[in-house]
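Data first, discussion second: the structure below is written as structure tokens.
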Amino acid sequence: MKRWPPFNRTLTAFGLVLSVTQLGVVGAKAQTPAEESEIVESEITLDEVIILSADEQLKQAPGVSLITAEDIERRPATNDLSDIIRRQPGVNLTGNSASGVRGNNRQIDIRGMGPENTLILIDGKPVLSRNSVRYGRSGERDTRGDTNWVPPEAVERIEVLRGPAAARYGSGASGGVVNIITKRPETLSTTVSTYVNIPQHSDEGKTVRLNVFSGGPLGQHGAFRIYGNYNRTGADDPDINADAALVSTDVPAGREGVENRDVRGVFTWYANDENEFDFEAAYSRQGNIYTGDRQLAGVSDLLQQLAGEGAETNTLYRTTLSTTHRGTYGWGTTNSYVQWENTRNYRFLEGTAGASEGRITDSAEKGVITLQNWTAKSEANIPVTMMFDQNVTLGAEFRGEKLDDPISILQAGVPGLGTPADPADRETEASSELYALYVEDNIYVTDKLILTPGIRGDYHSEFGANASPSLNASYDLTDEISLKAGIARAFKTPNLYQLNENYLYYTMGNGCPAGFGLGSLGGGCYVLGNPDLDPEISVNKEIGIAYTNDGGWAAGLTYFHNDYKDRITTGINQVALVAAATGTARVFRWENTPEAVVSGLEGNLLVPILDTLNWRTNGTYMIESEDKQTGQPLSLVPEYTINTALEWQATDRLEFVLSAAHYGKTEAPTLNVVTGNAQANTDSLDPYTIVNIGVDFEAHENLRLGAGVTNIFDERLFRQGSGTSAGAATFNEPGRAFYLRASATF
């Protein structure tokens, strides 16, 4: 195993970043609204050569979308920003694995690569709180993901980057990146917003949200912004899926509710014309409202009691502190940040073996898992004139992750496993560190051809070095038609559960990989963490064509193809046999599997029907999403997705939006993702369509109102089973609901 020399790596990395930042040499380009070009997918024309940074140029690649604050006002999120992000090309909501386990915990999945390969950022800084939740044997986590830490009303815009354009962000961005950028008021103001969503069906939870956002300049040398938010979405009724359940004694849980409390403050100091600093602190609390969900099939009196009470069975507390520096100098621009992120995950104790894995077993007290992340990133953008006009980007990044989990290691073992049999003798902490340097160059070869080569080098404290080269190109065929292409080698580090030898999973027999002729020898099967894992690698390729004209028309089509190698799964290769109380037990580890592939098409179309009426459409078609070893899908996503909307600006103050989302057929796995056994239920999910209508009204320059109906035709979906027994019907789609929204600015 490759290791760094024995010195204090964390303090050294922070010291280097801070020291260089003070000299104004490095920084991460996190643009303010004034600095950032308003980029809408495939709607860019360059009338003159403007020297952009590599980051800005990549945001004009085919796989890039922008969601503005106005978009959010027209079609507000019910609770989570994922409601909005899912409308972009290449994006779906899925569970954390293709198994269907925890199916209602749906998160952002970009280009079918799974939620774990989508990197979430807030103002350019990573959000990694979901890593504080135990990683299950089939790749699931009992988590809602990391898109619900910012209220929709505080968002300035959301950038969604897919494919090669996202690879520059390092580990976890193989599918793409979602960058949630918060508002920076230019004048002193306070906005109070409220949102209410009331379902037609009483067995679905309603939403109430209230937040206050205040900000603006403080004299000539400072500015501030602060918000407080309360957001509560009720849970579905525990019996909502009773009529759809394939087994009447095992009713699958509906959607959990969630209660958010958030506060965040940022003070900006304009030190001089060249340097400015942000000092930020944020605190959030997310508590669930339980409906009876569990990892596998089977219920208990305790689960039914907790679901009936709507108990808060797990609570996440997230705290961040960060400092950011932005510099503008004669030779270029810089931006640097250092962030500390602390997540405390309180939850009732769960089973760790066999059929009881992931099922609450004790409601007397909650255990706590603590995750601490330190991140630092610095980037400099330097215009250069040498043969061609260029903009060189130099960057450095550090990520440190430390997990203290005394809960997930409680499974007892037996002698000879390679980890202490008694959980009390195991180390509860696991950690890793990642260091990176990267360089990109935006080269204007001609006034029509732009090349952006780049390379990123990472060094991980566990597996060693990794190189991520990339090349993106843009060529203007005409003033209206452009070709864009890219290729990049992206990667994802093994998570701390997969690496940790003290994290032990045990199946009593039925979870052994019988489909590979291994089966149980009477003592069940153990799965151990593996510190010798390699990173997951994805070679992402795309090519697209875009059309825009002065009349407002825009269209684009992009083909993408990802070759996915060394994907990490629970192993099927036996590493040992040990004596157990009931017989001989087989021992496996997490391991890298050979190859998978994802490919598809993304398209977008904007038609200005009238001066006041626009028709926007985007679509995604998945050509292939398959693990080459097993032939199984990587995640449960529809074969195709179409999002379309008619936007009518009836008056200067009144706008109507009629929108629809159509989801194609979703195929179910035919094999169990862990054992390789044939699935009992391989039923696919039929296509369905959700239609919505909304109205946005500016009653006064300081008062904005909105109302609408979601799922007008009441197209409801119900989950058919728990664990892996539901086929592709693994989630609930809520029925018709009515919403009201109001915001007042003072």
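In the chain, Cα pairs under 8 Å separated by at least six residues give a relative contact order of 14 percent.
Look at Phe279, Phe491 and count the other Cβ atoms within 10 Å of each Cβ; fewest to most, that gives Phe279, Phe491.
Selection among Val527, Thr689, Asn197 by position relative to the dipole of the chain gives Val527 as farthest towards the positive end (Cβ unit charges, Cα centre). Taking the convex hull of the alpha carbon positions in segment 546-680 and averaging its projected area over all directions gives 13.3 nm². Legend: distances between Cα atoms for Lys541/Lys565; Lys377/Lys492; Lys125/Lys541; Lys125/Lys402; pairs beyond 23 Å are Lys125/Lys541. Remark: spin-label model distance Ala707-Ile609 equals 2.3 nm, labels positioned 7 Å along the Cα→Cβ axis. Taking 37 °C and 0.692 mPa s as conditions, segment 175-326 diffuses translationally at an estimated 176 µm²/s according to Stokes-Einstein applied to its Kirkwood radius (Cα pairs).
Shown in residue order for segment 400-415 are the 3J(HN,Hα) couplings computed by the Karplus curve 6.51 cos²θ - 1.76 cosθ + 1.60 at θ = phi - 60°: x, 10, 9, 10, 10, 10, x, 9, 6, 9, 7, 5, 6, x, 9, x Hz (x for Gly and Pro). Under 5 Å between amide hydrogens, built in the peptide plane, is the criterion, and for Leu218 it picks out Ala223, Phe224 among residues at least 5 positions away or on other chains.
Subtracting the Cα-Cα distance of Thr315 and Trp340 from their residue separation scaled by 0.36 nm leaves 7.0 nm. Kirkwood hydrodynamic radius of the chain, from the reciprocal of the average inverse Cα-Cα distance over all distinct pairs: 26.6 Å.
In this label model, Leu437 and Val575 are separated by 3.3 nm, measuring between points 7 Å along each Cα→Cβ vector.
Reported value for segment 622-746: 146 Å³ per residue, from the convex hull of its C-alpha atoms. Segment 674-746 and segment 283-340 have Cα centres spaced 22 Å apart.
Expressed as a fraction of 2.2 N^0.38 Å, the C-alpha radius of gyration for segment 459-519 is 2.14. Each 5 Å bin, from zero up to the one with the longest distance, holds this percent of the alpha carbon pairs of segment 332-466: 2, 8, 12, 12, 12, 11, 9, 8, 7, 6, 5, 4, 3, 1, 0. A full extension of the chain between Asp447 and Asn681 corresponds to an added length of 78.6 nm, given 0.36 nm per residue minus the alpha carbon distance. Spin-label model, Ala424 to Leu210: label points 7 Å out along the Cα-to-beta-carbon direction sit 4.9 nm apart. On the beta carbon distance between Met387 and Ile226, with R0 = 51 Å, the FRET formula returns roughly 0.60.
Taking every alpha-carbon pair in segment 420-548 and binning the separations at 10 Å intervals from zero gives 11, 24, 22, 18, 13, 9, 3, 0 percent.
Read the figures in this text as sums done on the coordinates, not as results from a lab. Being a predicted model, the structure only gives us computed values, none of them experimental. Cβ coordinates were reconstructed from backbone atoms using ideal geometry, including for glycine residues, and neighbour counts include every protein chain displayed.
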